[in-house]
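Trainee: Take a look at this one; I'll ask things after.
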Amino acid sequence: MQAKTLTLTRGETVKVDSQWAAECEKRGTTVSASAWEATSGSLSGESLDDTKASALLAVDGCGRLKNTATLADGEVLVRWWAIVAKSNI
């Protein structure tokens, strides 16, 4: 899967959603757990609502964001974002 790009301003906090509904429907299962990782910035407010995983990302530089979803059948799916941080000057 190709990574999406998030272009954000340093110091900005944004909500990022990862929707897993299509993948769950194809497989006839649900999401049982979700985890977020960021190589730059900080994460908070992580949540899982049915097939939508969400987190707040506070951006402090360029890097990568990853959401890992574990499906009820044990399959693990991963979604990546490239983070491009612009200066706020």
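What follows is calculated from the coordinates using simple rules that are stated; it is not laboratory data. All of these numbers come straight from a predicted model, not from anything done at the bench.
Trainee: Distance between Cα centroids, the range 62-83 to the range 28-49: provide it in whole Å.
Mentor: Taking the Cα centre of the range 28-49 as reference, the centre of the range 62-83 is 8 Å away.
Trainee: Moving on to the next point. Which entry in [x] 42; [y] 58; [z] 34 matches percent of Cα pairs over 18 Å apart derived from the coordinates of this structure?
Mentor: Given [x] 42; [y] 58; [z] 34, the calculated one carries the label [x].
Trainee: Further question on the same structure: Using 0.36 nm per residue, how much length does the chain from Lys4 to Cys62 gain when fully extended, once their Cα-Cα distance is taken away? Please list the in-between numbers first.
Mentor: Values: separation 58, 0.36 × 58 = 20.88 nm, distance 1.35 nm.
Computed gain between Lys4 and Cys62 is 19.5 nm.
Trainee: Among Ala38, Ala21, Ala53, determine the one that fluctuates most according to a GNM of the chain built with springs between C-alpha atoms less than 10 Å apart.
Mentor: Comparing Ala38, Ala21, Ala53 in a Gaussian network model of the chain, the most mobile one is Ala21.
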